[in-house]
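The values are calculated or read from the model by the stated rules, or taken from the named source; none is laboratory data. This one's a predicted model, so the numbers in the text were calculated from it and none came from an experiment. Cβ coordinates were reconstructed from backbone atoms using ideal geometry, including for glycine residues, and neighbour counts include every protein chain displayed.
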Amino acid sequence: MEIDQFISYVAQRDANEPEFLQAVSDVTESVLPFIRDNPRYQKEKILERIVEPERVVIFRVPWVNDRGEIEVNRGFRVQMNSAIGPYKGGLRFHPSVNLSILKFLAFEQTFKNSLTGLPMGSGKGGSDFNTRNRSDGEVMRFCQSFMTELFRHIGSNLDVPAGDIGVGAREIGYLFGQYKRIKGSFTGVLTGKGSEFGGSLIRPEATGYGLVYFTEEILQNKGDSMQGKKVTISGSGNVAQYALQKSIELGATVVSMSDSDGTIYDEAGIDDEKLAYIMKLKNNHQRIHEYASKYKCEYLENEKPWKIPCDIALPCATQNELNQEDARQLIDNGAICIAEGANMPCTSKAIHLIEESNILYGPGKAANAGGVTVSGLEMSQNSLRFSWSREKVDHKLRNVMHQIHKKCLHYGRTEDGHISYEKGANIAGFVKVAEAMIALGVV
């Protein structure tokens, strides 16, 4: 089957799901030529099976707001693939949540979880509920209603959700509390929990740290490093904050962060003291423009950071935030590396331009796998009824990111000797899942 033919096949079956189709298209371009060279995968129809979720659950979430009014949201859980372990993937609470976005995230999670080498399948879920400007009581009541339906579809050996956009420590606590209340048992059914009740140390930091570790691996493979590099980061949540922290630790200068209202450009660099202020802003649900007022730096209203000259760009906000024009601007301004902290933050056209320009590119399924890696380590600690030190978890995280990089190198070499991390990540992630699916039979 040709690439266009397969994408048309998926588009007919999944009409009106553009994000999912984009994710499938990006993977198919790398994987289908590999499948043609390895006919057993075609015979077993692995690609046709891997794009189809094993199960999709959609449910209503009624709850009562602080005014005593009933509100109704929609809840989802996409259980994508369990060939190598229980379903594993975050819950996202955001108004943009729909089936297309969750299927794209679950599909990407299949390859990401495979790359970690840990026994985790893939899933994703969430709701169109918006946590912004909601009281703790409203968030608690929503989470309790959401879990009252979700609990029957998850379990420590079945499906282990985590956090994502809009689902942090507060939400995970409320969700876990309701699960424990309903089931009457204390099990490792959610990750991202507080350290007080079974969470892993450095879980909040993990995605950002892992992103920078992977970026450093890419640079070191070229005889370079983060030391002395100028870095632009989008977003200002957990991933962005800890990517910034680790970048500073490795000797880089980070000059930007952003939110949906605009971007701060601090040419002097964001240091640890300034980062602490950003964390305080986010904890108090305040906007990033407050930073510009306090530190007298430039604020780019309603703009992303990609026009700012840099050596390394780390998109850490949301999907499709960096388009072809943005990629061209970064390349023209001398960027040498773009690595994804968010899920699919670069559009397909942007990726093609980056790859054609031989700019170093770290795809999200490899570069941002640190979060799910530490989630997997949290599952292990819960099973052992044990808690590892920060140093031990960080060491394991760094080793996993190193191993992911090696897998990308193994499968990512092109005919001209260039390393395509996109190709390498897609094929390496595919092979492990495909072999497991063949071993399990037609299920």
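In the range 90-126, what residues are at positive phi and in contact with a Lys or Arg (Cβ under 7 Å, 6 or more places away or on another chain)?
Within the range 90-126, just G126 meets the criteria.
Which of the residues that make up the range 301-316 are touching a Lys or Arg at 6+ places or on another chain (Cβ under 8 Å) and among the aliphatic types (A, V, I, L, M)? It would help to see each step written out before you state the result.
Of the residues in the range 301-316, the ones touching a Lys or Arg at 6+ places or on another chain (Cβ under 8 Å) are 309-312.
Residue satisfying the conditions is I312 alone.
Of the numbered criteria (1) closer than 28 Å to G424 by Cα; (2) aliphatic (A, V, I, L, M); (3) crowded, with 20+ Cβ neighbours inside 10 Å, the one A11 fails is (3).
When you scan the range 34-43, do you find a residue that is among the aliphatic types (A, V, I, L, M) and touching a residue at least 60 places away in the same chain (Cβ under 8 Å), even just one? No, there is no match, as no residue in the range 34-43 is among the aliphatic types (A, V, I, L, M) and touching a residue at least 60 places away in the same chain (Cβ under 8 Å).
If the condition is being under 28 Å from I101 (Cα atoms) and of a type in the set (V, I, T), then the range 326-347 contributes I338, T347.
Of all residues in the range 239-254, none satisfies being surrounded by fewer than 21 Cβ atoms within 10 Å (Cβ to Cβ), at pLDDT below 95 and out of contact with any helix residue (DSSP H, G or I) (no Cβ under 6 Å at 6 or more places or on another chain). Output yes when any residue across the range 348-365 is in contact with a Lys or Arg (Cβ under 7 Å, 6 or more places away or on another chain), closer than 25 Å to E29 by Cα and among the basic types (K, R), and no when none is. The answer is yes; a qualifying residue exists. In the range 298-341, counting only strands (runs of 3 or more DSSP E) that sit wholly within it, the ones holding 2 or more residues that are out of contact with any Asp or Glu (no Cβ under 8 Å at 6 or more places or on another chain) and over 20 Å from V239 (Cα atoms) span 298-301. Say whether the condition of being surrounded by 20 or more Cβ atoms within 10 Å (Cβ to Cβ) and of a type in the set (D, E, K, R) is met by at least one residue in the range 380-393. No; the residues of the range 380-393 include none that is surrounded by 20 or more Cβ atoms within 10 Å (Cβ to Cβ) and of a type in the set (D, E, K, R). The single condition among (1) surrounded by 22 or more Cβ atoms within 10 Å (Cβ to Cβ); (2) in contact with a Phe, Trp or Tyr (Cβ under 9 Å, 6 or more places away or on another chain) that T116 does not meet is (2).
Confirm whether L190 is under 23 Å from S389 (Cβ atoms) and outside the structural domain of A276 (by TED's automatic domain parsing). Walk me through how you get there before you give the answer.
Numbers: under 23 Å from S389 (Cβ atoms): yes; outside the structural domain of A276 (by TED's automatic domain parsing): yes.
Here the answer is yes, as L190 does meet what is asked.
Any residue in the range 420-434 that is among the charged types (D, E, K, R), outside the structural domain of N81 (by TED's automatic domain parsing), part of a helix (DSSP H, G or I) and in contact with an Asp or Glu (Cβ under 9 Å, 6 or more places away or on another chain)? Yes, because at least one residue in the range 420-434 is among the charged types (D, E, K, R), outside the structural domain of N81 (by TED's automatic domain parsing), part of a helix (DSSP H, G or I) and in contact with an Asp or Glu (Cβ under 9 Å, 6 or more places away or on another chain).
I'm checking my understanding of the structure. Among residues of the range 159-216 that are more than 30 Å from K229 (Cα to Cα) and among the aromatic types (F, W, Y), which one is farthest from the chain's Cα centre (by Cα)?
Start the filter on the range 159-216 by keeping residues that are more than 30 Å from K229 (Cα to Cα), which leaves 159-163, 166-200.
Then keep just the ones that are among the aromatic types (F, W, Y); that gives 174, 176, 179, 186, 197.
Numbers: Y174: 22, F176: 21, Y179: 24, F186: 27, F197: 24 Å.
That would be F186.
What do you reckon, is L99 closer than 24 Å to V374 by Cβ, of a type outside the set (K, R) and within 20 Å of the chain's Cα centre (by Cα)? Answer is no for this residue. Every condition in (1) part of a helix (DSSP H, G or I); (2) out of contact with any Phe, Trp or Tyr (no Cβ under 7 Å at 6 or more places or on another chain); (3) within 20 Å of G364 (Cα to Cα) holds for R170 except the one numbered (3).
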